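Engineer: Quick one: this structure, given as structure tokens, is what I'll be asking you about.
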Amino acid sequence: MLTVRAPATSANLGSGFDVFGIALGTPADVIRVERAPETTITVTGAGSEYIPEDPAKNTVGAVAEALDAPARIRIDKGVRPSSGLGSSAASAAAAAVALNALYDRGCSREELVPIAAEGEALVSGEAHADNVAPALLGGFTVVTDDGVTQVDASVPVVACLPDITVSTRDARGVVPDSASLADVVDTVGNAATLTVGMTQDDPDLVGRGMLDDIVTPERTKLIDGYDRVREAALEAGATGVTVSGAGPGVLAVCHHQNQRAIAAAMVDAFDAVGVESRAYQTVVGEGARLYR
Ligand code: HSE
């Protein structure tokens with residue numbers, strides 16, 4: 001039996017829609033696999049009641065199919081579905097690493113990215129690699145049609161998860177079809193600033209580079225209390241705040257010394273609009289880890 005832990009991730013980071021992603025130190029999914037004549041899946045943990053165990057309908061089943069690696073697969077969810085924290089990507093990445101090792105397929109982590117992304121497509125409708133790439137490789141990742149670029153990073157973050165759901169399909173439905181040149185120029189500048197910030201582990205540059213006036217404003221309308229939570233986090237010292245992935249998770253970047261106050265401020269702000277939430281105080285961290 002093999003065990004793999006794969007982390008939650010946060011995609012987009014504001015200015016890097018469908019391009020940027022980070023691995024989070026916590027929460028994470030844990031998957032256990034054993035060879036079997038045909039694939040079976042059991043799911044426990046956070047939000048497991050919403051996840052189909054039929055391999056034909058589960059991201060992990062799609063990964064097993066793609067690797068021709070039938071297995072008895074047990075998924076313990078630490079990353080709740082429809083959270084904006086890369087729930088399906090965590091499972092897909094964990095399965096890809098586990099089954100690749102179980103059947104000695106010999107794929108590199110980079111080669112597993114498109115395989116895990118196909119698994120994710122089963123639930124989101126489109127194959128985005130911006131969550132599976134950091135779940136597999138760790139750190140900060142940049143995904144384009146030409147492949148993945150990765151750098152290690154350890155910027156402190158708070159990922160606040162409200163007790164509401166936003167489906168990725170709905171969140172993609174509000175993305176504008178076009179943008180003005182001025183907004184595109186601003187966003188490119190911000191994305192470049194953020195990238196430099198990640199390479200230097202500089203929360204001020206990363207926070208400044210998260211600004212985005214194209215996609216994020218439309219998505220914040222789907223999250224009850226977002227503006228209040230963002231303001232509260234900034235007042236408590238966050239260097240930048242944005243929607244995590246497709247939402248409803250909200251991501252704040254910060255210096256270590258402000259992390260606890262930011263987490264409390266975000267939870268309080270959600271509470272003030274009648275929404276319960278949980279804040280993960282963590283750092284940009286490692287990708288999927290295999291335990292033999
Ligand atoms: N980049 C994707 C989005 C991530 O924001 O829609 C969620 O799959």
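Engineer: Which residues, taken from segment 164-189, are part of a loop (DSSP other than H, G, I, E, B) and surrounded by 13 or more Cβ atoms within 10 Å (Cβ to Cβ)?
Structural biologist: Initial filter on segment 164-189 (part of a loop (DSSP other than H, G, I, E, B)): 164-167, 174-180.
Result: Ile164, Thr165, Val166, Ser167, Val174, Val175, Ala179.
Engineer: Checking Val143 against (1) within 29 Å of Ala232 (Cβ to Cβ); (2) in contact with a strand residue (DSSP E or B) (Cβ under 8 Å, 6 or more places away or on another chain), which single condition isn't satisfied?
Structural biologist: Of the numbered conditions (1) within 29 Å of Ala232 (Cβ to Cβ); (2) in contact with a strand residue (DSSP E or B) (Cβ under 8 Å, 6 or more places away or on another chain), the odd one out for Val143 is (1).
Engineer: Of the numbered conditions (1) within 16 Å of the ligand (Cβ to nearest atom); (2) of a type outside the set (Asp, Glu); (3) in contact with a Gly (Cβ under 6 Å, 6 or more places away or on another chain); (4) on the phi < 0 side of the Ramachandran plot, Gly84 satisfies every one except a single condition; which is it?
Structural biologist: For Gly84, the exception is condition (4).
Engineer: Assuming Ala121 fulfils every condition listed in (1) assigned to a loop (DSSP other than H, G, I, E, B); (2) within 16 Å of the ligand (Cβ to nearest atom); (3) farther than 21 Å from Arg32 by Cα apart from one, which condition is it?
Structural biologist: For Ala121, the failing item is (1).
Engineer: Which members of segment 56-79 meet the condition of being touching a Leu at 6+ places or on another chain (Cβ under 7 Å), touching a residue at least 60 places away in the same chain (Cβ under 8 Å) and part of a loop (DSSP other than H, G, I, E, B)?
Structural biologist: Listed by number, the list holds a single entry, Val79.
Engineer: Can I ask one more? Taking Val215, is it assigned by TED's automatic domain parsing to the domain that holds Asn258, touching a Phe, Trp or Tyr at 6+ places or on another chain (Cβ under 6 Å) and either touching a residue at least 40 places away in the same chain (Cβ under 8 Å) or open to solvent by less than 30 Å² (accessible area, probe 1.4 Å) (or both)?
Structural biologist: Numbers: assigned by TED's automatic domain parsing to the domain that holds Asn258: yes; touching a Phe, Trp or Tyr at 6+ places or on another chain (Cβ under 6 Å): yes; either touching a residue at least 40 places away in the same chain (Cβ under 8 Å) or open to solvent by less than 30 Å² (accessible area, probe 1.4 Å) (or both): yes.
For Val215, the condition - assigned by TED's automatic domain parsing to the domain that holds Asn258, touching a Phe, Trp or Tyr at 6+ places or on another chain (Cβ under 6 Å) and either touching a residue at least 40 places away in the same chain (Cβ under 8 Å) or open to solvent by less than 30 Å² (accessible area, probe 1.4 Å) (or both) - is met.
Engineer: In segment 28-45, what residues are of a type outside the set (Val, Ile, Thr) and surrounded by fewer than 18 Cβ atoms within 10 Å (Cβ to Cβ)? Steps first, please.
Structural biologist: Residues of segment 28-45 that are of a type outside the set (Val, Ile, Thr), as a first pass: 28-29, 32, 34-38, 45.
Result: Glu34, Arg35, Ala36, Pro37, Glu38, Gly45.
Engineer: Related question: Against the definition (more than 16 Å from the ligand (Cβ to nearest atom), assigned to a strand (DSSP E or B) and either touching a Ser or Thr at 6+ places or on another chain (Cβ under 6 Å) or at pLDDT 95 or above (or both)), how does Pro27 come out, yes or no? Break it down stepwise before answering.
Structural biologist: Details: more than 16 Å from the ligand (Cβ to nearest atom): yes; assigned to a strand (DSSP E or B): yes; either touching a Ser or Thr at 6+ places or on another chain (Cβ under 6 Å) or at pLDDT 95 or above (or both): yes.
The answer is yes for Pro27.
Engineer: Shifting gears a bit: Conditions: (1) polar (S, T, N, Q); (2) under 24 Å from Ile262 (Cα atoms); (3) modelled with pLDDT of 95 or more. Ser178 meets all but one. Number of the miss?
Structural biologist: Failing condition for Ser178: (2).
Engineer: Sticking with this structure for a sec: For segment 56-67, enumerate the residues that are open to solvent by less than 40 Å² (accessible area, probe 1.4 Å) and closer than 13 Å to Glu120 by Cα.
Structural biologist: In the first step, residues of segment 56-67 are kept if they are open to solvent by less than 40 Å² (accessible area, probe 1.4 Å); the result is 58-64, 67.
Passing the criteria: Asn58, Thr59, Val60, Gly61, Ala62, Val63, Ala64.
Engineer: What residue, among those in segment 68-111 that are open to solvent by 40 Å² or more (accessible area, probe 1.4 Å) and under 22 Å from the mean Cα position of the chain (by Cα), is nearest to Asp170 (Cα to Cα)?
Structural biologist: Ser82
Engineer: Also, quick follow-up: Out of Ala232, Ala263, Ala279, which single residue is on the phi < 0 side of the Ramachandran plot, at pLDDT 95 or above, assigned to a strand (DSSP E or B) and surrounded by 21 or more Cβ atoms within 10 Å (Cβ to Cβ)? Working first, answer last.
Structural biologist: Values: Ala232 fails: assigned to a strand (DSSP E or B); Ala263 fails: assigned to a strand (DSSP E or B).
On inspection, the qualifying residue turns out to be Ala279.
The values are calculated or read from the model by the stated rules, or taken from the named source; none is laboratory data. Everything numeric in this text was worked out from a predicted model, so none of it was measured. We place every Cβ from the backbone using ideal geometry, glycine too, and count neighbours over all the protein chains shown. When the accessible area is computed, the model is the full protein with side chains, heavy atoms only, and any ligands, DNA or RNA have been set aside. Shrake-Rupley method; radii C 1.70, N 1.55, O 1.52, S 1.80 Å.
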